[in-house]
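To start, the structure under review is shown below, and the notes come after it.
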Amino acid sequence: MIRMCKKQKIDLVITKSISRFARNTVDCLEYVRQLKDLGIGVLFEKENINTLTMTSEFMIALYGSFAQAESESISQNVSWGKQKAFAEGKVSFQYKHLLGYRRGADGKPEIVPEEAETVRMIYELFLDGYSMTDIAKRLTLLERRTAHGKTEWHREIISSILRNEKYVGDALLQKTFRVDCISKKVKKNNGERPMYLVTNHHEPIIDRDTYNRVQQELARRTSKRKISDKTLTEQGKYTSKYALSELLICGNCGTPYRRTTWAARGKKQVVWRCISRLEHGTKYCTDSPTMKEEKLHKAILRAVNEYLGCRDEIAKILKANIGSVLECQGQQEILNLENRLRELNKARNNLVGLIASGGCDEDKLDYEFAKIFNEEQSINERLKELKQKAKISADTQNKISMLVSIVSTMSQMKSSIDGLDLYSTGVNVMK
């Protein structure tokens with residue numbers, strides 16, 4: 001409208017009230033002055049004000065302040081209503097921005113099979129060691145559709161999907177909030193407002209164990225310390241470009257190795273060197289060997305092929321390790337304690353029956369109740385400790401299971417490490 005006025009295509013602006021023209025006093029006066037300079041009046045019907053005939057801006061400022069106060073009051077009421085809905089666990093879905101779900105006939109989230117397959121692929125590739133950028137490139141090549149129906153994927157989309165708790169069936173409410181009703185600026189909630197987590201709200205696409213493993217891997221990759229002056233942050237940068245990336249660690253200074261190419265007399269040679277040694281010479285790392293990539297590959301292939309020759313025996317050993325890990329975590333003790341809790345609950349119910357029938361001494365009943373309560377408390381503390389240990393070992397069990405699967409399916413000798421996924425927390429390189 002203002003642009004049309006500046007082009008002299010409007011002679012008079014007629015509006016019902018000041019509150020419909022502007023939501024705050026400053027904006028109201030600013031636009032009224034602009035239009036007045038252009039010879040265009042604003043007629044406010046409710047207040048009976050024509051800006052071309054009035055001699056003072058006082059009345060507009062006064063009514064403008066009333067309109068602003070009204071807007072703020074309405075905004076506060078809306079915010080209060082949203083807060084109450086959050087506290088009650090009421091969840092609203094933005095389906096157009098959420099891959100894998102649509103509104104069902106009952107109004108609840110419903111899984112879209114084709115889109116859910118893409119979400120599961122993203123989680124699997126990430127746990128297989130792919131970077132977010134590589135996953136985005138792969139999905140683009142496969143022409144998979146994003147939530148908005150596009151076939152071009154970006155790293156930010158992958159990151160959002162991997163961090164979204166809705167894929168495990170939960171919903172975290174009030175991740176963002178509006179600062180005020182005037183600027184309408186939306187800000188990420190970093191603790192300024194309460195957040196509410198609704199668990200098991202809808203059918204999940206990703207199982208909770210896989211989701212938790214992905215969050216652990218995200219934390220591992222983003223918590224990397226600064227390893228090079230060329231990195232932009234103190235956290236370093238995760239890469240999955242080469243099979244040995246992230247795996248070779250300098251035994252002298254603890255810095256990761258980097259793949260680099262030597263060129264001499266027209267010949268090129270690929271080697272792996274300590275990053276600290278590359279960038280600072282011997283200042284921080286006085287003694288680190290240079291590893292030729294060709295020799296490294298040959299050593300890895302020799303080890304892999306040796307294992308392939310006896311893969312059945314290796315699979316058997318790995319399965320036995322899974323059993324021993326489970327046994328070490330006290331699964332039998334957990335079962336026994338849970339059975340004991342059921343017995344104590346039954347004993348308590350019997351005591352309640354005695355109270356109802358009046359067939360037992362009151363002091364004796366108090367003693368028995370206290371005895372049962374103390375034993376239950378002790379058992380629950382022990383159960384909590386055992387289950388925490390079992391939770392910590394879950395990732396280890398999953399990794400062993402994955403190795404069993406890999407060893408069992410590998411059926412032929414390898415001539416190249418291309419296509420091999422190498423899993424390790426790091427190999428120290430020393431002379």
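The values are calculated or read from the model by the stated rules, or taken from the named source; none is laboratory data. All values reported here derive from a predicted model rather than from experimental measurement. As a convention, Cβ positions derive from the backbone with ideal geometry for all residues, glycine included, and neighbour counts pool all protein chains shown.
Mind checking whether some residue in the stretch 218-236 is within 26 Å of E124 (Cα to Cα), surrounded by 18 or more Cβ atoms within 10 Å (Cβ to Cβ), modelled with pLDDT under 85 and of a type outside the set (K, R)? Yes; the residues of the stretch 218-236 include at least one that is within 26 Å of E124 (Cα to Cα), surrounded by 18 or more Cβ atoms within 10 Å (Cβ to Cβ), modelled with pLDDT under 85 and of a type outside the set (K, R). Do we have any residue at all in the stretch 346-369 that's modelled with pLDDT of 70 or more, hydrophobic (A, V, I, L, M, F, W, C), under 35 Å from the mean Cα position of the chain (by Cα) and not assigned by the TED database to the domain that holds G129? So far as the stretch 346-369 goes, no, none of its residues is modelled with pLDDT of 70 or more, hydrophobic (A, V, I, L, M, F, W, C), under 35 Å from the mean Cα position of the chain (by Cα) and not assigned by the TED database to the domain that holds G129. Counting the residues of the stretch 88-127 that are over 17 Å from the mean Cα position of the chain (by Cα), of a type in the set (D, E, K, R) and under 18 Å from R163 (Cβ atoms) gives 1.
What's the number of the condition K292 fails, among (1) touching a helix residue (DSSP H, G or I) at 6+ places or on another chain (Cβ under 6 Å); (2) modelled with pLDDT of 85 or more? Against the list (1) touching a helix residue (DSSP H, G or I) at 6+ places or on another chain (Cβ under 6 Å); (2) modelled with pLDDT of 85 or more, K292 comes up short only on (1). Of the candidates T146, T151, the single residue that is in a loop (DSSP other than H, G, I, E, B), among the polar types (S, T, N, Q) and without any contact (Cβ under 8 Å) to a residue 12 or more places away in the chain is T151.
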